[in-house]
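Worksheet: one structure, shown below.
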Amino acid sequence: MRVIGRFPQQYTHPVRNAQTQLGTVFSDIFRDALELDIMLLGSGSVRKEALGPIVTLKDLTETFPYDDAVYRVTVTGEQLMHIMQHLMRDEALCGEGECYRFSRGVYVEYAPAGHEIVTFTLNEQAIDYEKQYRIGLQQFHFSNIGDFIGISLEEASRCCKPKVVSTSSLDIVDEYLTQMKILRAGDYKRVIILS
């Protein structure tokens, strides 16, 4: 049994349609390791409700069993706002369809009554419609990009051609955890649903 990392406590992922400690740990790992602005991690990728505090390779592969490629898609701020609006639709908030965990730096306040994004910042800066942002997507989500994040492959190629930045998502997590002494979860309240 190979120990690959440690958390200061057990991290959980009790639901798929809300930000969770474990989901944000994984999305932060991809963001940092692949030098992305935002990682959109499919919530269904996390298959167990808890991991840690000691993380073995066996535990990791049971918790995160999908070893697919990760794509980098470069979009404008305007496209990013459209993507976020798509991700905040009613069915996604209710746990139907695809739900995503957002990496560190993302902060969204959403008002479902008016279907309105009230605040959307990245690293405490408002989204700039003219700026380009590098988003990470797992292969399954990239292959269904139009349905899952609301922009077509053609639109996703407008800034530059999408690129495979890792052929093994499991290797990324394994290597990252192996290099860290103790991995601490950041703030996982990245999306606030207003009443």
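Please treat every number below as a calculation from the coordinates, not as lab data. No experiment lies behind these values; they were computed from the predicted model shown. Every residue, glycine as well, gets a Cβ built from its backbone with ideal geometry; the counts of neighbours run over all protein chains shown.
Just a few scattered comments:
- Rough spin-label spacing in nm, given labels placed 7 Å along Cα→Cβ, for HIS115 and LYS48: 4.0 nm
- Computed from backbone phi, the HN-Hα couplings of segment 63-69 come to 7, 10, x, 8, 10, 9, 6 Hz, rounded to whole numbers (Karplus: 6.51 cos²θ - 1.76 cosθ + 1.60, θ = phi - 60°; Gly and Pro given as x).
- C-alpha center-to-center spacing [segment 120-195, segment 80-102] in angstrom: 13 Å
- Annotation: amide H-H contacts under 5 Å for ALA50 (H modelled 1.01 Å from N, sequence separation of 5 or more, or interchain): HIS13.
- Between VAL164 and GLN125, the C-beta separation translates, for a Förster distance of 30 Å, into a calculated FRET efficiency of about 0.60.
- Spatially proximal lysines relative to LYS48 (Cα-Cα < 30 Å; intrachain offsets below 8 disregarded): LYS58, LYS163, LYS181, LYS189
- The C-alpha atoms of the chain occupy a region whose extents along the principal axes are 48, 39, 29 Å, arranged from largest to smallest.
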